[in-house]
Amino acid sequence: MLKIPIKDSDKIYDLNPSKIITVGGNYLKKNGTKSSKETENPTNNKPKYPLIIPKLPNCLIGPNQNIIIPEFLSELYLLDVQINFRAELALIIKDKCKNLTEKESMDYIYGYTCINDVTQVNLKEFDRIGWWRGKSLDTFGPIGPNIVLAKHIGDPHNLEIRTKLNDEVKQQSNTKNMIFKIPQILAYISKNLTLYKGDIITTGTPPGSEQLKHGDIVEIKIEEIGKLKNPVLKESYTKIR
């Protein structure tokens, strides 16, 4: 269980989701076409439905905790082990829900936060069922630094979102550039899966996702929420220390 402060409150939220669902390929490029190279969706055409990918809760860590590059990846004899950051607006489900309509879906959001959907890209070459393992490795889900209650967020579809890697801006966009908006995402997911209190839904990442390496510092900032900052370390280094 991860404890996250509620912004502008002395309360702490015990984050213990039954599941995390990510949405791939959900941002437009500046020229109006959909981001493809930097995300999981291989087409520039708007899909009929959101691309949803599971991410297991064991991946969650808090601000300033280490993103660990696992040792076992070296056993795969890859020339280039690709672990990418992905800045995303995340929402926390307020109550159990199923088969939501778009109109009622926003009533089931408890609050919003930042999440770094860290993804090991190479593992999809080994897994027939796709991306879930590359997204679910331990420490691959930094989240925080706090939760902003839904009633205090303003318009979640007009928030600046930015990623810095070692103080250099790599991602810069606005949530208004999402292809599928939050009501569409929630309605679609809830048709497929029952959502429970505390479940996490992420809303996609803007163009600009790049590789993380040992010694990096990655910082995600979303307007009205705050900054989520995490160092990156090889697993072998953490054992030595």
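The values are calculated or read from the model by the stated rules, or taken from the named source; none is laboratory data. Note that this is a predicted model, so its numbers are computed, not measured. Reconstructed Cβ throughout: ideal geometry from the backbone, glycine too, with neighbour counts over all protein chains shown.
For the stretch 60-98, the set of residues classified as in a helix (DSSP H, G or I), free of Cβ contacts under 8 Å to residues at least 12 places away in the same chain and not hydrophobic (A, V, I, L, M, F, W, C) consists of SER74, GLU75, listed by residue number.
So that you can scan it fast, the table gives a plain yes or no per residue for (1) more than 16 Å from PRO142 (Cα to Cα); (2) of a type in the set (Val, Ile, Thr):
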{"position": "ASP199", "(1), (2)": "no, no"}
{"position": "GLY204", "(1), (2)": "no, no"}
{"position": "GLY208", "(1), (2)": "yes, no"}
{"position": "ILE217", "(1), (2)": "no, yes"}
{"position": "ILE220", "(1), (2)": "no, yes"}
{"position": "GLU223", "(1), (2)": "yes, no"}
{"position": "LYS227", "(1), (2)": "no, no"}
{"position": "VAL232", "(1), (2)": "no, yes"}
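Yes/no per residue for (1) at pLDDT 95 or above; (2) part of a loop (DSSP other than H, G, I, E, B):
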{"residue": "LYS3", "(1), (2)": "yes, no"}
{"residue": "SER18", "(1), (2)": "yes, yes"}
{"residue": "VAL23", "(1), (2)": "yes, no"}
{"residue": "ASN31", "(1), (2)": "no, yes"}
{"residue": "GLU38", "(1), (2)": "no, yes"}
{"residue": "LYS48", "(1), (2)": "no, yes"}
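Which of the residues that make up the stretch 191-207 are in a loop (DSSP other than H, G, I, E, B) and either farther than 24 Å from ASN146 by Cα or within 14 Å of the chain's Cα centre (by Cα) (or both)? Hits for the stretch 191-207 are LEU193, THR194, ASP199, THR203, GLY204, THR205, PRO206, PRO207.
Restricted to the stretch 135-150, and to residues there that are in contact with a Lys or Arg (Cβ under 6 Å, 6 or more places away or on another chain) and under 18 Å from ILE68 (Cα atoms), the residue that is surrounded by the fewest Cβ atoms within 10 Å (Cβ to Cβ) is SER136. Pairing residues of the stretch 100-129 that are farther than 22 Å from HIS214 by Cα with residues that are surrounded by 14 or more Cβ atoms within 10 Å (Cβ to Cβ) and at pLDDT below 95, at Cβ distances under 6 Å and at least 6 apart in sequence or on separate chains, gives ASP127/ARG133. Looking across THR119, THR101, THR139, one residue alone is under 20 Å from ASN192 (Cα atoms) and either in contact with a helix residue (DSSP H, G or I) (Cβ under 8 Å, 6 or more places away or on another chain) or among the acidic types (Asp, Glu) (or both). It is THR101.
Screening VAL232 against (1) under 17 Å from PRO54 (Cα atoms); (2) touching a Leu at 6+ places or on another chain (Cβ under 6 Å) leaves a single unmet condition, (1). Checked against (1) in contact with a strand residue (DSSP E or B) (Cβ under 7 Å, 6 or more places away or on another chain); (2) within 19 Å of LYS229 (Cβ to Cβ); (3) not aliphatic (A, V, I, L, M), LYS135 passes all but condition (2). Selection of the stretch 98-114 for residues being of a type outside the set (S, T, N, Q) and out of contact with any Lys or Arg (no Cβ under 9 Å at 6 or more places or on another chain) yields LYS103, GLU104, MET106, TYR112. Residues in the stretch 151-177 that are touching a helix residue (DSSP H, G or I) at 6+ places or on another chain (Cβ under 7 Å) and either without any contact (Cβ under 8 Å) to a residue 40 or more places away in the chain or surrounded by fewer than 18 Cβ atoms within 10 Å (Cβ to Cβ) (or both) were compared, and the one that is nearest to ASN16 (Cα to Cα) is HIS157.
Could you tell me which residue of the stretch 208-241 is farthest from the chain's Cα centre (by Cα), considering only residues that are among the polar types (S, T, N, Q) and closer than 17 Å to ASP80 by Cα? I'd like the intermediate steps shown before the answer.
Of the residues in the stretch 208-241, the ones among the polar types (S, T, N, Q) are 209, 211, 230, 236, 238.
Adding the requirement that they be closer than 17 Å to ASP80 by Cα leaves 209, 211.
Working: SER209: 12, GLN211: 15 Å.
Filtering first and then ranking leaves GLN211.
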